[in-house]
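Just below is one structure, and these are the notes that go with it.
Read-outs throughout are calculated quantities, based only on the coordinates presented, and are distinct from any laboratory measurement. What you are looking at is a predicted structure, and each value in this text was computed from that prediction instead of being measured. Quick reminder, even Gly has a Cβ in these numbers, built from the backbone with ideal geometry, and neighbours come from all protein chains shown.
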């Protein structure tokens with residue numbers, strides 16, 4: 001753990017790295033051990049479940065007869081179960097684990113009452129399980145991103161309340177004088193999500209609003225789940241791990257302030273761009289488009305901050321798995337956000353709306369950005385809470401390349417296919433079934449990229465299982481890197 | 001930015017702003033939109049759906065139809081919606097006021113269904129299409145829904161809803177046993193009733209395309 005002291009160094013360059021700091025961080029890591037393990041193992045199981053459902057849905061898209069006789073796996077349900085298991089199962093569980101590990105470390109305080117978080121983990125995963133089974137059984141609400149049936153959502157809310165209250169307690173007990181940028185994002189995300197979720201549940205499920213007000217509430221929620229929950233957690237992790245692994249401070253403090261507040265102000269208005277051309281007030285759509293374009297500010301600012309921190313240290317990408325995954329995610333955050341702003345322009349949206357282009361965009365955001373950052377974070381966190389190293393660098397390498405190539409093929413392929421689909425669909429001279437036929441090659445390639453992603457996930461799961469099962473080494477060990485960097489001699493086992 | 005309460009106030013007002021703007025303002029602006037009384041027709045539009053169609057809407061919801069089919073027609077000149085015959089006019093907020101859950105949709109893997117009841121009014125076509133989309137739309141990627149149908153022995157008279165399968169299709173798929181028929185289950189009947197109820201074949205003043213006023217001359 002040669003780079004632990006660089007946390008202090010990245011906050012204040014004058015802090016000398018010392019043994020006491022390392023021991024303190026190690027004690028903080030140890031206090032998060034069981035909650036981190038419970039949430040990460042659950043997230044991994046959901047990742048595998050979600051991947052299997054994704055493959056089924058993807059194959060059905062070009063070969064509709066595949067498993068056609070099973071009602072519970074019909075496309076509308078398999079696809080929805082996939083979305084909910086990767087969003088609420090994989091992504092939220094991983095986000096929870098990374099969020100409270102980061103929060104404890106950055107607040108320089110032990111995690112208090114970790115048992116509470118284990119209860120939260122139990123409630124959350126029970127809620128998601130009941131929700132997914134409910135969707136497959138036909139109880140979906142058919143409200144995008146809120147399909148989990150109403151009998152499971154109170155469980156999620158209880159779990160969330162426990163995690164949120166706990167995070168605020170940890171922040172209140174902070175001993176670090178400085179509040180690091182990652183903590184702003186974590187606090188904001190943990191506060192925003194329950195607000196979004198409870199309003200959406202009330203106005204859509206328990207006491208539905210009239211008519212298309214529902215659509216506005218739906219997309220205010222669904223876009224903000226990405227923008228005000230997953231994005232801040234992903235950015236918090238990127239803001240922590242990039243300087244951490246490189247052992248140098250973030251490029252600019254002032255840019256991080258600007259990036260944070262501009263994201264907070266603009267992102268939450270952007271969701272209405274999902275309704276361009278739809279039967280909702282035109283002013284709301286225009287406001288959504290304006291906010292989507294203003295998102296260029298936080299995105300460019302954050303990009304400068306992340307990429308200029310990495311610049312000059314590209315060599316480190318050859319060694320550190322954490323850095324490679326997180327930087328891949330950060331680069332994709334820049335790309336996907338700029339594409340997203342462009343998609344909100346009416347002339348572009350006229351083509352991309354209602355097509356696979358949007359699907360490609362969603363996967364670039366949730367996978368190429370968020371999921372890759374979570375993978376990188378897990379590669380850093382798990383050895384520190386388990387006090388063991390990753391057993392196989394080869395499996396990490398396989399995971400990285402399968403995931404990186406798989407998701408890049410995925411979004412490039414579906415973006416092209418979706419664009420063609422959109423252009424053809426707007427030309428009434430082309431029969432609809434021809435438009436469908438022309439998307440088929442892209443749908444096949446999507447399934448192939450899905451196979452590649454599956455290979456990566458299985459490699460990752462195998463490495464985690466192997467690590468959990470392996471005995472804890474007696475003495476100090478070297479971190480598992482892709483290859484040994486020349487400047488950093490590694491102690492012999 | 002080291003003060004917790006200040007950061008908290010900032011993040012509170014950031015979301016409060018959009019919550020008040022997008023959610024509350026729209027709820028106040030048109031959250032209690034009323035139907036329109038058409039004096040020429042002497043009735044209110046839109047009309048409330050029948051009980052059977054309301055049950056069919058739940059089948060539409062549970063099978064996840066909206067993930068491939070939108071229910072909104074964009075205005076003429078924006079996309080090809082009206083040119084494709086998906087509706088005579090654009091959809092407006094008033095069209096949806098009696099829908100307990102609005103299925104606008106965000107994907108058109110299949111065509112828009114806002115006016116499918118006007119475009120394809122034959123229940124038999126819908127039954128065949130749901131049983132196996134290849135029967136009516138070869139090359140379609142729509143999921144088949146064989147589980148919405150019963151292959152059963154004819155008891156007494158043949159069912160009025162029995163599917164008119166083409167003879168060679170029935171032979172290939174082993175659905176040609178004498179004395180048997182393929183009939184829709186009650187869920188399929190409800191779903192088709194719902195699909196046939198989807199038609200906005202009435203006018204609202206706000207749905208007429210906007211014609212910009214002529215700038216040249218004084219002629220009206």
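Computed quantities for the displayed model
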item: Average partner coverage of A:428-440, which counts Cβ from other chains inside 10 Å; result: 4
item: Equivalent ellipsoid dimensions for the range A:220-287 as semi-axes, Å, which come from the Cα gyration tensor, largest first; result: 32, 12, 7
item: Once the Cα gyration tensor of the range B:36-206 is diagonalised, semi-axes √(5λ) in Å; result: 33, 18, 14
item: Normalised contact order of the range B:36-206, rounded percent, pairs of Cα under 8 Å and 6 or more residues apart; result: 29 percent
item: Simple label model, 7 Å out from Cα along Cβ direction - residue B:32 to residue A:342, nm; result: 4.6 nm
item: Separation between Cα centres of the range A:28-84 and the range A:262-335, rounded to whole Å; result: 26 Å
item: Average beta carbon contacts from partner chains per residue of A:261-269, 10 Å cutoff; result: 4
item: Taking the C-alpha atoms of the protein assembly as shown, convex hull volume expressed per residue in Å³; result: 179 Å³
item: Radius of gyration and Dmax over the Cα atoms of the range A:255-484, both given in Å; result: 20.8, 72
item: Spacing of the two label points (7 Å from each Cα toward its C-beta) at residue B:2 and residue A:458, in nm; result: 5.2 nm
item: Which of B:210, B:194 has the fewest Cβ neighbours within 10 Å, and the rest in rising order; result: B:210, B:194
item: Exercise: per-residue mean of other protein chain Cβ atoms within 10 Å, A:140-152; result: 3
item: Whole-angstrom gap from the range B:142-216 to the range A:375-438, using each part's C-alpha centre; result: 37 Å
item: For the range B:40-123, radius of gyration divided by Kirkwood radius, i.e. Rg to Rh on alpha-carbons; result: 0.96
item: By average C-beta atoms within 10 angstrom, highest first, the peptides B:176-187, A:344-355; result: A:344-355, B:176-187
item: Inter-part distance where the range A:185-231 and the range B:54-108 are each reduced to a Cα centre, Å; result: 22 Å
item: Once the Cα gyration tensor of the range A:57-180 is diagonalised, semi-axes √(5λ) in Å; result: 37, 15, 10
item: Kirkwood estimate for the range A:209-323, i.e. one over the average of 1/r between Cα atoms, Å; result: 15.7 Å
item: Sequence of A:442, A:180 once ranked by neighbouring C-beta atoms within 10 Å, starting from the fewest; result: A:442, A:180
item: Principal axis dimensions, largest first and in whole angstrom, of the range B:86-138 by Cα; result: 36, 23, 22
item: With Cα atoms, 0 to 90° folded angle of helix A:92-107 axis to chain A main axis; result: 30 degrees
item: Order of B:171, B:74 under a 10 Å beta carbon neighbour criterion, fewest first; result: B:171, B:74
item: Rg to Rh quotient for the range A:385-493, alpha carbon positions, Kirkwood Rh; result: 1.27
